[in-house]
Amino acid sequence: MNIIVVGLSHKTAPVEIRERVAFSPTAMDKPLHEMTALPAISEGVIVSTCNRVELYATSRDVDAAVGQLKRFLSTYHGILKRFLSTYHGIPLEQLESHLYEYQGEEAIRHVFRVSASLDSMVIGEPQILGQIKTAYGYATEFKSVGLILNRFLHKAFSVAKRVRTETDIASNAVSVSFAAVELARKIFGTLDNKKVLLIGAGEMCELAARHFLNNGAASVMVTNRTYERAEKLAEEFQGQAIPFEEFPQKLHQVDIVLTSTGAPNFILGHDKVEEVIRQRKNKPMFFIDIAVPRDIDPKVNKIDNIYLYDVDDLQGVVQANLKERHKEAKKAEAIIDQEIGQFFRWLGSLDVVPTIVGLRKKLEGIRQGELQKTFANLKDLDKKERKAIEALTAAIINKVLHQPTTVLKQSQNDASGDRYVDAVRTLFNLETEATEE
Amino acid sequence: MSANILMFKITLLLYATSTVLYLIDVIARRAKAGQLARWILLGGFVLHCATLITRYVEAGYTPVANLHESLSFFAWTIVGIFLIFDARYRMTVLGAFSCPLALTLMVFGSAAPKTIKEMNPALDSWWFPVHVTLAFLGNAVFTVAFVAGVMYLLQERMLKSKKFSALYYRLPSLEILDTINYKCLSFGFPLMTMGIISGAVWANSAWGGYWRWDPKETWALITWFLYAALLHGRLTIGWRGRRAAIFAIIGFLCLLFTFLGVNLLLSDMHSFSAMEGR
């Protein structure tokens, strides 16, 4: 049995293509049903997110299966909504160049990498794992998965978890507002009891303020040229509004200052900040200037214990963090390599012939062991009697094995085969190199 | 090779292993290496304790009477103090900075002559162990302050210049580094003060005079004033961060000179030859 992946992602297809083959998450029963009804396919999962559409399947006939899956992907929407075919569905010739296909070990690697978020647009982003779990949820709900994909996807989830805990792939912020929170942590250690002053309003500024509050900051003060707006925002953050003219007098009370006003000139200069830091007895301050044109004189950064970051600086931090993630991704690939080997061996063990051979060997081993014990106890048996006992035991094994062997051989060609093989391996504890948890 | 020297060499080897593992953790970011390093360092420290005890038994005096013994003792206090800080703050990076320092002292210590000599009976008093233990503990605490200071400056530089090397992700926050600076100062300063006072008392019993202005005493006093200034600045004017880190670094350099430079460059009654019975 082979695992096959056919699909496209942000790396191979533009959104204009992706949207035409995407599946709606509210109606997954029909496509899953149609997919598993394809003659060469035994099990199937459909993953459809805004960045990728992928079909995971098992089949005994890889070539046929790949062809059928591709056709399914190109025609499914076209057939269903023919009247909308300008938007949905896409001719195979046009789709072909955007598709990738993997089988066997490569398919396993691909799915492990996708779930561990190594194939994501932003490496390490956590959503993709949830999306695959949801896709798998639909597949179990509509019974389109069996033994192999069940175990395969569970394995993928555990690999993703391992990557997350054993590498720092997701530990550094890749958004500007989170980067600001992390910088604050590098300066202050903890954000507990830290006070934030929000000067002006703006989406990014408010988002950052919210992140600061969620990460332990004690309170938010808000100021704005229009006092009503300050009041409104303060209410939202359960903070305190102060008139714009008064904020310089409050500066020494706060640790983190977020500015984004539309002022054409600096609203905070070098001398004022120097005075404030003296008032604070050099307790560090973190200024985040999101305004363009900037609100705070960049010379402020030169003052001891003052850290000033503007939008570009924060972008730079995000870039540096992304680089770190790429470094961590290499560690993740090594983990995946390990896990692939294990899973692939388990998959290989599901073949019928080695199972029958293994079963015979196992029973033959038992027979030989018991024979030796018996012969050791009954020393006065003559050759003929020994022969008779040997023949008797061999006959019992053959009779016992006859029916299971037949069933296994017959099941080879239908979907139930793997289940029988797995059952036999478990019941008789046949050696599988893959040790599963 | 006596059992004691063998133990010393094994300790040195353990410290070296630990140093390598700490560096692997910080540079190649293998957290497991750091965990291993911590245990090996602990093992090395235990063995080091045993080394010092056997040395004490063999020599019959607290083993800080020659360069080899002093370096070994200094390294022992540094590792000990680091382990205490590590138990509190769990900082692999601190290990990656402190461990090489202790290792360097051990390497020099292993190169210095190791023979045990008779001690000058005039100096053999119980003030001797008190004086050197206090002085060395103070030194070790200030060494950690120095290490934290270097880390602070590196981290501060990166935060100010907005250029982050791989080290940025491993260094603790400025706040923690500054706290370590303060903690070290508040423990190290009393230790150093008591070390100087006990030394004076000892000198009085040995030579009949508290203070002789020999170079070691002078330099110790200079260092003491430096740390006193830093402590005062911290407590009253709000010195902290960069300035405190720079002070800790300068203080440590003075300390190192007081400890080694004076002994090696300027001969006097603190020199190791003065310790031997003549």
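The values are calculated or read from the model by the stated rules, or taken from the named source; none is laboratory data. The shown structure was predicted, so the numbers you read here are calculated from the model rather than taken from an experiment. Heads up, the Cβs are rebuilt from the backbone with ideal geometry, glycines too, and the neighbour counts pull from every protein chain shown. Calculation scope for accessible area: heavy atoms of the full protein, side chains included, ligands and nucleic acids excluded. Shrake-Rupley method; radii C 1.70, N 1.55, O 1.52, S 1.80 Å.
Among the numbered conditions (1) among the aliphatic types (A, V, I, L, M); (2) without any contact (Cβ under 8 Å) to a residue 24 or more places away in the chain; (3) within 12 Å of another protein chain (Cβ to nearest Cβ); (4) open to solvent by 10 Å² or more (accessible area, probe 1.4 Å), tell me where B:A166 comes up short.
(2)
Just checking, which of A:I46, A:I17, A:I90 is open to solvent by less than 70 Å² (accessible area, probe 1.4 Å) and at pLDDT 90 or above?
A:I46
Mind checking which residues of the range B:77-93 are hydrophobic (A, V, I, L, M, F, W, C) and without any contact (Cβ under 8 Å) to a residue 60 or more places away in the chain?
Matches in the range B:77-93: B:L83, B:I84, B:A87.
If a residue has to be under 10 Å from the mean Cα position of the chain (by Cα) and crowded, with 16+ Cβ neighbours inside 10 Å to count, how many in the range A:158-173 make the cut?
Counting residues in the range A:158-173 that are under 10 Å from the mean Cα position of the chain (by Cα) and crowded, with 16+ Cβ neighbours inside 10 Å gives 4.
Looking at the range B:172-183, which of the residues that are open to solvent by less than 40 Å² (accessible area, probe 1.4 Å), facing chain A (nearest Cβ under 8 Å) and not small (G, A, S) is farthest from B:L23 (Cα to Cα)?
B:L174
Any idea which of B:I197, B:I180, B:I176 is part of a helix (DSSP H, G or I), closer than 25 Å to A:K302 by Cβ and among the aliphatic types (A, V, I, L, M)?
B:I176
Is it the case that some residue within the range B:111-131 is out of contact with any Gly (no Cβ under 6 Å at 6 or more places or on another chain), under 28 Å from B:I24 (Cβ atoms) and either away from chain A (no Cβ under 14 Å) or surrounded by fewer than 20 Cβ atoms within 10 Å (Cβ to Cβ) (or both)?
Yes: one or more hits.
List the pairs whose first member sits in the range A:174-192 and is within 13 Å of another protein chain (Cβ to nearest Cβ) and open to solvent by less than 50 Å² (accessible area, probe 1.4 Å), whose second member is among the basic types (K, R) and in a helix (DSSP H, G or I), and whose Cβ atoms are under 9 Å apart, counting only residues at least 6 apart or on separate chains?
Matching pairs, first to second residue: A:L191/A:R185.
Per-residue answers, yes or no, for (1) part of a helix (DSSP H, G or I); (2) modelled with pLDDT of 90 or more; (3) surrounded by 14 or more Cβ atoms within 10 Å (Cβ to Cβ):
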position	(1), (2), (3)
A:Q368	yes, yes, no
A:D380	no, no, no
A:R386	yes, no, yes
A:A391	yes, yes, no
A:P404	yes, no, yes
A:A415	no, no, yes
A:D418	yes, no, yes
A:V421	yes, no, yes
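When you scan the range A:277-296, how many residues do you find that are surrounded by fewer than 22 Cβ atoms within 10 Å (Cβ to Cβ), within 13 Å of another protein chain (Cβ to nearest Cβ) and aliphatic (A, V, I, L, M)?
The qualifying residues number 1.
Looking at B:R29, B:R38, which one is within 14 Å of another protein chain (Cβ to nearest Cβ), open to solvent by 10 Å² or more (accessible area, probe 1.4 Å), in contact with a Phe, Trp or Tyr (Cβ under 9 Å, 6 or more places away or on another chain) and closer than 30 Å to A:I169 by Cβ?
B:R29
Looking only at the range B:184-226, how many residues end up being of a type outside the set (A, V, I, L, M, F, W, C), crowded, with 16+ Cβ neighbours inside 10 Å and either within 17 Å of B:V262 (Cβ to Cβ) or free of Cβ contacts under 8 Å to residues at least 24 places away in the same chain (or both)?
Total meeting the criteria: 8.
Here are some residues: A:L308, A:L314. Which one is in contact (Cβ under 8 Å) with a residue 40 or more places away in the chain, within 11 Å of chain B (Cβ to nearest Cβ), over 26 Å from A:R162 (Cβ atoms) and surrounded by 15 or more Cβ atoms within 10 Å (Cβ to Cβ)?
A:L314
Out of curiosity, is A:L73 at pLDDT 90 or above and either outside any loop (DSSP other than H, G, I, E, B) or open to solvent by less than 40 Å² (accessible area, probe 1.4 Å) (or both)?
Considered against the rule, which asks whether it is at pLDDT 90 or above and either outside any loop (DSSP other than H, G, I, E, B) or open to solvent by less than 40 Å² (accessible area, probe 1.4 Å) (or both), A:L73 comes out as no.
Only residues that are open to solvent by less than 40 Å² (accessible area, probe 1.4 Å) and not hydrophobic (A, V, I, L, M, F, W, C): list them for the range A:195-218, please.
Selection gives A:G200, A:G202, A:H211, A:G216.
Restricted to the range B:81-95, and to residues that are open to solvent by 10 Å² or more (accessible area, probe 1.4 Å) and under 15 Å from the mean Cα position of the chain (by Cα), which residue is farthest from B:I53 (Cα to Cα)?
Narrowing the range B:81-95 to residues open to solvent by 10 Å² or more (accessible area, probe 1.4 Å): B:81, B:83-85, B:87-92.
Going one step further and asking which of them are under 15 Å from the mean Cα position of the chain (by Cα), we end up with B:81, B:83-85.
Details: B:I81: 18, B:L83: 19, B:I84: 21, B:F85: 24 Å.
Taking the candidates together, the pick is B:F85.
Given the residues A:E333, A:E339, A:E328, which is the only one that is in contact (Cβ under 8 Å) with a residue 60 or more places away in the chain and within 14 Å of chain B (Cβ to nearest Cβ)?
A:E328
So which residues in the range B:233-254 are open to solvent by 40 Å² or more (accessible area, probe 1.4 Å) and away from chain A (no Cβ under 14 Å)? Walk me through how you get there before you give the answer.
Step one: filter the range B:233-254 for residues open to solvent by 40 Å² or more (accessible area, probe 1.4 Å), giving B:235-237, B:239-240, B:242-243, B:246-247, B:250, B:253.
Within the range B:233-254, B:I250, B:L253 meet the criteria.
Is there a residue being open to solvent by 20 Å² or more (accessible area, probe 1.4 Å), over 21 Å from B:L71 (Cβ atoms) and within 14 Å of chain A (Cβ to nearest Cβ) anywhere in the range B:140-156?
Yes, the range B:140-156 contains a residue that is open to solvent by 20 Å² or more (accessible area, probe 1.4 Å), over 21 Å from B:L71 (Cβ atoms) and within 14 Å of chain A (Cβ to nearest Cβ).
Using the structure shown, decide if B:S98 is surrounded by 24 or more Cβ atoms within 10 Å (Cβ to Cβ), closer than 30 Å to B:A166 by Cβ and within 19 Å of the chain's Cα centre (by Cα).
Answer is yes for this residue.
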